[in-house]
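Take a look at the structure below.
What follows is calculated from the coordinates using simple rules that are stated; it is not laboratory data. Just so we're clear, the structure is a prediction, and the values are computed from it rather than from any experiment. Here the Cβ is made from the backbone with ideal geometry for all residues, glycine too, and neighbour counts use every protein chain on show.
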């Protein structure tokens, strides 16, 4: 079951658990828009420690503006970064 | 928890060295060993990444493939397959054999 739809506004959790994590530090706490659903995959954060990686996690491509990421960004307001984030790192914002 | 050593997005990284350099034979060997460990279900790529990220800073700052070899030895020890002493002992024996 898909937890998010294309176009949903999402916030990447501002969470800092120890260990192997697949969400880069610089995007934590940032907001973006779901660009596409990429499928479900075994959880690499569990596979990294020898577990079987289940339940599978849904992976979403999230589009974030560069100005959201970098306060001192000097390029266009329409410049964006796409990156793929697992569902357990995302929360939906605003209806 | 603060930004970890491998998670460099947004950090000041300094100049990028763009010179081409040939891969050393030992570095190719490490790549092959990593592939063999994966093929034999001894190591997953996610485990290698985790072991690389967990290396102490003075080891993490070494050459890319030295880093890989250190992480792979740590995983072999963690899984109880080989000890670091056994790996180093075998390397010394091979070195002696090649030099002899």
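One table, with the values for the structure above:
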item: Intensity falloff of the stretch B:27-99 expressed as log10 I(q)/I(0), Debye formula with alpha-carbon point scatterers, at q = 0.13, 0.17, 0.19, 0.24 Å⁻¹; result: -0.38, -0.66, -0.82, -1.22
item: Label-point separation, residue A:92 to residue B:94 (7 Å along Cα→Cβ), nm; result: 5.4 nm
item: Computed E for residue B:61/residue A:28 - FRET, C-beta separation, R0 22 angstrom, nearest 0.05; result: 0.35
item: Separation of the residue B:84 and residue A:52 label points, Cα + 7 Å toward Cβ, nm; result: 3.4 nm
item: FRET efficiency, residue A:76 to residue B:6 (Cβ-Cβ, R0 41 Å, nearest 0.05); result: 0.85
item: Overall dimensions of the protein assembly as shown as given by Cα atoms, namely Rg and Dmax in Å; result: 20.5, 74
item: Residues B:88, A:1, sorted so that the one with the fewest Cβ neighbours within 10 Å comes first; result: A:1, B:88
item: Cα-based Kirkwood hydrodynamic radius, the stretch A:15-64, one decimal, Å; result: 12.2 Å
item: Relative frequency of Cα-Cα separations exceeding 17 Å in chain A, percent; result: 52 percent
item: Rel. contact order, % - alpha carbon contacts under 8 angstrom, at least six apart, chain B; result: 20 percent
item: Nearest-0.05 FRET efficiency for residue B:13 and residue A:9, computed from C-beta distance (R0 35 Å); result: 0.65
